[in-house]
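The values are calculated or read from the model by the stated rules, or taken from the named source; none is laboratory data. Being a predicted model, the structure only gives us computed values, none of them experimental. All Cβ positions, even for glycine, are placed from backbone atoms using ideal geometry, and neighbour counts span all protein chains on display. Just the protein is used for accessible areas: all its heavy atoms, side chains included, with ligands, DNA and RNA removed. Shrake-Rupley method; radii C 1.70, N 1.55, O 1.52, S 1.80 Å.
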Amino acid sequence: MTKYNELLAGANKDKKRVGRGIAAGGGKTAGRGTKGQGARTGKKLGATFQGGQRTLVRAVPKARGFKSLRTPAQVVYLDTLNDFKGKTVDNATLFEQGYISTPFHTVKVITRGELTAALTVKVAGASKSSQEAIAKAGGGFEKTAVPLRKSTKEAEASDK
């Protein structure tokens, strides 16, 4: 006797051929019922068709344009960096001080106010004017990649 796992039956079943006479099992109306729009040849009604009534798709107003899926950079202003005098500023330190909401996103430094403290800035981006202001104050800017979030397994392993 053949075992269930040794059966040669395929996963795909052939489409039922209808309209081949009464004896074939799908004859006469071929599963379309009697008369009406659905019974006619070339019946190609869209998924939204509502029997001639204006469809919901056409009735609802459209939101034009597009929505970008890219998350915008978190902005840090130049004058707020005075608090980090003589330190290295990166995503982790900015997050600890509460200037950014998460350390795992792009951070960009933008010019606003004066920078008096000499410091090293290591973030993903900075405007040209803010890079010049950092250099003028005696510090340096280094473009770095955004830190990746650790997987839960790695985080658990490092906690032990």
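Give the accessible surface of the range 38-125 per residue, rounded to a whole number of Å², with probe radius 1.4 Å and ligands, DNA and RNA excluded. Write out the running numbers ahead of the final one.
Working: 6350 Å² over 88 residues.
Here the per-residue accessible area is 72 Å².
To the nearest 20 debye, what is the magnitude of the charge dipole of the chain about its Cα centre, counting +1 on the Cβ of each Lys and Arg and -1 on the Cβ of each Asp and Glu? Don't skip to the end; give the middle numbers.
Working: 30 positive and 12 negative charges, 458 e Å.
In debye, rounded to 20, the chain gives about 2200.
Counting only protein heavy atoms, what percent of the accessible surface of the range 20-100 is carbon or sulfur at a 1.4 Å probe? Carbon and sulfur atoms account for 53 percent of the accessible area of the range 20-100. The 1.4 Å probe gives accessible areas that order D83, D14, largest first, as D14, D83.
Solvent exposure of K62, expressed as accessible area, is near 100 Å², computed with a probe of 1.4 Å over the protein chains only.
The chymotrypsin sites (Phe, Trp or Tyr not before Pro) of the range 54-124 that DSSP puts in a loop, and whose beta carbon has at most 16 other beta carbons within 10 Å, are F66, F104. Separation of the alpha carbons by more than 19 angstrom is noted, of K13/K43; K87/K160; K87/K143; K87/K122; K67/K108, for K13/K43; K87/K160; K67/K108.
Just name one of T111, P147, T71: the one whose Cα is farthest towards the positive end of the charge dipole of the range 61-160 (beta-carbon charges, Lys/Arg +1, Asp/Glu -1). Selected residue: T71.
With the cut-off at under 12 Å, measuring from each backbone N in the range 34-76 to a point 7 Å along the Cα-to-Cβ line of S101 picks out 71-75.
In what order, largest first, do E6, E114 sit by accessible area if the probe radius is 1.4 Å? Kindly include the intermediate steps, with their values, before the conclusion.
Details: E6 100, E114 135 Å².
Largest accessible area first, the list is E114, E6.
Set against the labelled values [x] 2.19; [y] 0.94; [z] 1.20, Cα Rg over 2.2 N^0.38 Å computed from this structure falls on [x]. Label positions at L45 and E132, each projected 7 Å from the Cα along the C-beta direction, are separated by 6.8 nm. The distance between label points at T34 and V18 comes to 1.6 nm (points 7 Å beyond Cα on the Cα→Cβ vector). Can you give the % of DSSP beta bridges in the chain that are antiparallel, to the nearest 5? Just about 5 percent of them are antiparallel.
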